[in-house]
Amino acid sequence: MTNPVRVGMLGLLIAVLFGVLGLRLWTMQVTEAQAYEERADQNQVRVVFTPAPRGDIFTADGVKVAGTRSALAAVVDLALVDKDERDELAQNLAAFLDDPALPASAIMDILLDPNQGAQITVAKDLSEDQAVFLMEHRESFPGVNIIPQPIRTYPEGELGAHVIGYIGRPNEQDLEREDVRGTDFVGKAGVEKTYDALIRGTEGVIEYRVDARRKVLSLQGEEQPTAGGSLILTIDAGVQAQLQESLRAGLLQARRLEMEERVGVLKKTSIPQLLVEALEEERAEIEEKAAKAAEAAADSQDDGASETPLPPPSEPIEIDPAKALGSLYPGLPIDESGVCVPVQRVSIPLAGTASLSGREPRVARVSSIEEVGGKLVATVTIEGETFTVKDNQSFAGTLQVLAVTEDELIVYHKDKWCPVRTIGVVMNPNDGSIIAMGSYPSFDPTVFVDGLSSEQWATLGTVGAFQNFAVQGLYAPASTFKTLPYVLALEESYYPLDRGVGDKEVGEAKPGGDRSSAADGEGSAPAEAVVQPLQTDTDEYSCSGEFKFRLNDGTVQTKRDWKWPQGHGPLDLHGALQASCDLYFWDIALRLWNERGDDSGLDKENLLQEYARDFGFGTATGIDLPFERDGLVPDKAWFVSEQRAGSPRVRPDGPWVGGDLMDFAVGQGATLTTPLQMANGLAAMVNGGTVWKPRVVDQVVDQDGEVIVANEPEVINRVDLDPRTSRMLLADLQQVVNNQERGTARKAFANFGPGVELVGGKTGTSEIIKAPRAKHYMQVDSAFFVGVAPVTRPEYVIAVVVERGGSGGRVAAPIARQVLQYLLNGPEGVTEIAPGLEAD
């Protein structure tokens, strides 16, 4: 075959092949284009993440206090919703949900919120019918998927709420974690927060096939979420329930006692009479100031100074009834039963009125709210008196401005004499495990799951119900702290000076040399007389009523024992702790101060503080709960630092002195501890010197019960205590409860029942607002009690605080008594709460 023929045949073949190829391409592009487009559309996959159930939380005795139930949620995947579809979607969802709190505008705000992420839960806990409706009407609800979603439950309500904590949406700090999305729930308080990473679990994945228009076609695959680890607490559910009930009953009792005191005072006098007396006191004070001014003017003239004008003629004297009457003021807030409440939140609308509760209620009316100097100022009238107020301003005797908005004034209506809250901690002194912990008022963590209303937040937030005051509250521990100088005295064989019988009068202390003088009630000893210290813990000290200091300027400062004027009589170290004699422990501190420059080699000025720090005071314990505070062990270095900074916590002038150390020795002054520190410190003193790291979680387990994390007991410090010291301390604490002559807790434990001889404790009363005895109704004290049982072999240590509740022996000890009754005699052994002795 010739070449031209071959070339022609090859060309024909190529032409045929191109023709077939062209025909196929035309067929694909024209006749089969739709089929290929449909197949391409169906190859897109959309991934949706499903949240994991949080791990359960159980008490040590197996009670589930936090769990999870499965529910159906409507989740909008914004990647499947065109922008021009969002408005209609919001309208349809609002109509479907029919929730007045979630109108279309609110849903639209959620969909447009950049912090929400690409997948937004718009409805949870859907019924099966609701879920089916949404699935059957996809065209009206583009991008809406029905996702199984775990919902946190707290089956025991308030039980252990401050230990468990609660969950909520993440804040900016939470979102810095790689495992947290904006739509997640994370732990916000308690062990829910501390162990959040362990109990969150691993989220699941659902894959959907979607078309090019992002409409869901079918389910492609699914990976189930994995639940997080479960927590086993050290908390005992029964003890926890008893503690919370006793805290509740104790607070109500403290408030009733406060009201009884007010009624008792008004039976002996009247409000008009008290106002007349207050007016006379004010007039006398003004006249005294005028006389001093005139005397100063006369002295200036005698010195050749220019003539100083006399004070202007007296004007009509006015007094503030709320200030003059204190706790007897009839405008203080009360509840529906007529019992005092420490604070009420009141909203007064613009051009409207609100009632201020009280034995004599008042009506407040806001007439105007306007901007002045860049800040909103409200004009409010109360019972004919007009006030112009701004944020944080106090006025009208009982009110403090919380906020001024464009349409309302929000105020706190306060009674600073009314008991505020109760706090309690029960721990095992042998391993640091917390058996029970809480404060009252409390809350149900479920409110954070269901969504906290503004009214709930206002009510609970106003009384601090969400805070765990066992680790966050700071208090001067008062006489419960006397166990510290007690231990120092035994360990160092260091006792007060033998100042003789009668009130004590001490000269100004100066470093180096003999610095004390004594008064025996009939005459002062010579200033140069040497007063010898007591030699043993059984040498008696005269616990009289007063301790006087004659300062360099000739003035006399007086410290009075809580049992002034009668005093306690002669007591040794053991009796001083049992009766809570202030003078004994003041004198130990004063001796430390006066001997701070001696040649003993001890830093006596800071020795008591060193003991305090050894037992864990002044530093957070490290418990596995968030927001724990350090407390404060004050010393000279701290004082100087605060003074240089202009801190209001210290006086502006003058050095750190012996009187400051004396205050510290009895848990007053600048001393601050948490209730947990009070319990942990005592635990170390009675267990022989081991300071444990407190813990509320024993272990974390997986879904098969295998241990993931074992939270073993951990020692923070070991104090080298003589075993004799712990034995003596336990014996004396037992006498505080059982000695029927001088034990300050004897009345509170009078109806304890079997086993009272195994109980020990120490009462304390911290001064918040001082008042003369003639006006005892103006005094405000916080009450404390620390206890231990059995004293023969301690298994439980308890600390109780009644903030602004009165004396430790009267209101704190009865709360602890109920809990210790439960621990030693079971629930049937718990008797009704009743007030104890009015004792420090």
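The values are calculated or read from the model by the stated rules, or taken from the named source; none is laboratory data. Predicted model, so just to flag it, every value in this text is computed and none were measured. A quick note on method: Cβ atoms are made from the backbone with ideal geometry, for glycine too, and the neighbour counts reach across all protein chains shown. Note: areas computed on protein heavy atoms with side chains; ligands, DNA, RNA excluded. Shrake-Rupley method; radii C 1.70, N 1.55, O 1.52, S 1.80 Å.
Note that region 614-676 carries a Kirkwood radius of 12.9 Å, evaluated over its alpha carbons pair by pair.
Among the GluC sites (Glu not before Pro) in region 379-474, those placed in a DSSP loop whose Cβ has at most 14 other Cβ atoms within 10 Å are GLU383, GLU406.
Hydrodynamic radius of region 682-840 by the Kirkwood approach over all distinct alpha-carbon pairs: 17.2 Å. Summing charges over neighbours of LEU676, with a neighbour being any other residue whose Cβ is under 14 Å away from its Cβ, gives 0 when K and R count +1 and D and E count -1. When each of the peptides 825-831, 223-229 is scored by how many other beta carbons lie within 10 Å of its residues on average, the order from highest to lowest is 223-229, 825-831. Stretched out straight at 0.36 nm per residue, the stretch from SER140 to ASP84 would grow longer than its current Cα-Cα span by 18.8 nm.
Calculated on the Cα set of region 49-143, radius of gyration then Dmax: 16.2, 56 Å.
Report summary: the helix-based calculation at 222 nm, which adds -39500 (n - 2.57) for every DSSP H run with n ≥ 4 and divides by the residues of the chain, gives -9500 deg cm²/dmol.
Of the residues PHE615, ALA294, VAL780, the one whose Cα sits farthest towards the positive end of the charge dipole of the chain is PHE615 (charges of +1 on Lys and Arg Cβ, -1 on Asp and Glu Cβ, taken about the Cα centre).
Please compute the Kirkwood hydrodynamic radius over region 334-431, one decimal place, Å, based on all pairs of different Cα atoms. Computed over Cα pairs of region 334-431, the Kirkwood hydrodynamic radius comes out at 14.9 Å.
Rounded to two decimals, the Cα-based Rg/Rh of region 616-750, with Kirkwood Rh, is 1.08. With the convex hull of the Cα atoms taken as the outline of region 97-193, the averaged projected area works out to 8.1 nm².
Going through the cross-link list LYS414/LYS559; LYS193/LYS693; LYS64/LYS193, which pairs have a Cα-Cα distance over 28 Å in this structure? Too far apart for the 28 Å limit: LYS414/LYS559.
Gyration tensor over the Cα atoms of region 732-801: the corresponding equivalent ellipsoid has semi-axes (square roots of 5 times the eigenvalues, largest first) of 28, 13, 9 Å.
For a straight C-alpha distance cut-off of 18 angstrom, the lysines reachable from LYS83 (same-chain residues fewer than eight places away being disregarded) are LYS215. Scaling the Cα radius of gyration of region 127-167 by the globular reference 2.2 N^0.38 Å produces a ratio of 1.88.
Please compute the alpha carbon radius of gyration of region 762-840, then divide it by the globular-protein estimate 2.2 N^0.38 Å. Two decimals is fine.
1.22
Scan around ASP698 for amide H atoms under 5 Å from its own, H built in the peptide plane at 1.01 Å from N, and keep only partners 5 or more places away or cross-chain. The answer is ILE232, LEU233, THR234.
Phi-derived couplings, Karplus 6.51 cos²θ - 1.76 cosθ + 1.60 at θ = phi - 60°, listed residue by residue for region 706-721: 6, 6, 8, 9, 9, 8, 5, x, 9, 8, 8, 7, 10, 8, 6, 9 Hz, with x used for Gly and Pro.
For region 767-777, 3J(HN,Hα) computed residue by residue from phi via the Karplus equation (6.51, -1.76, 1.60; θ = phi - 60°) reads 6, 9, 10, 7, 8, x, 4, 5, 10, 4, 5 Hz, glycine and proline entered as x. Annotation: amide H of GLY229 within the under-5 Å range of GLY55, ILE199, ARG200, GLY201, sequence separation 5 or more or interchain, hydrogens built in the peptide plane.
Taking only complete DSSP H runs, can you tell me which helices of the chain stretch 30 Å or more along their own long axis by Cα positions and average at least -1.0 on the Kyte-Doolittle scale? The qualifying helices are 3-26, 237-268, 271-302. Spherically averaged projected area of the convex hull of Cα atoms, region 355-504: 18.0 nm². Of all DSSP bridge pairs formed entirely within the chain, close to 95 percent run antiparallel. Can you bin region 680-769 into rounded, prolate or oblate? Criterion: square roots of the alpha carbon gyration tensor eigenvalues sorted a ≥ b ≥ c, rounded for a/c under 1.5, prolate for a/b above b/c, oblate for the rest. Here region 680-769 falls in the prolate category.
Once you reduce region 672-734 and region 606-641 to the center of their Cα atoms, the two points are 17 Å from each other.
If Lys and Arg each add +1 and Asp and Glu each add -1, what is the summed charge of the other residues whose beta carbon sits under 11 Å from the beta carbon of ASP698? Local net charge: -2. A 1.4 Å probe run over the chain, with the rest of the protein chains in place, finds 47 Å² accessible per residue. Using C-alpha pairs under 8 Å with a sequence gap of at least 6, the mean separation divided by the residue count of the chain gives a relative contact order of 12 percent. Evaluated at q = 0.30 Å⁻¹, a Debye calculation over the C-alpha positions of region 231-277 (equal weights, vacuum) places log10 I(q)/I(0) at -0.99. Distances between every pair of Cα atoms in the chain, grouped in 10 Å steps from 0 to the bin holding the largest one, split as 2, 10, 16, 19, 17, 13, 8, 5, 3, 2, 1, 1, 1, 0, 0, 0 percent. Each residue was assigned an accessible area with a 1.4 Å probe, and for ARG365 the value is about 110 Å². Of the heavy-atom accessible surface of the chain (probe 1.4 angstrom), what whole percent is carbon and sulfur? Within the chain, the accessible surface is 50 percent carbon and sulfur. The trypsin sites (Lys or Arg not before Pro) of region 229-262 include none that meets both criteria, a DSSP state outside H, G, I, E and B (loop) and at most 12 other C-beta atoms within 10 angstrom of the site's C-beta. Normalised by the number of residues in region 160-290, the mean separation of alpha-carbon contacts (under 8 Å, six or more apart) gives a relative contact order of 15 percent. Checking the table LYS323/LYS563; LYS563/LYS770; LYS604/LYS636; LYS416/LYS775; LYS268/LYS775; LYS268/LYS747 against a 19 Å threshold on Cα-Cα, which pairs fail? Long pairs (Cα-Cα over 19 Å): LYS323/LYS563; LYS268/LYS747.
Amide H contacts for LEU409 (H built 1.01 Å from N in the peptide plane; partners 5 or more residues away or on another chain; cut-off under 5 Å): ILE348, LEU350.
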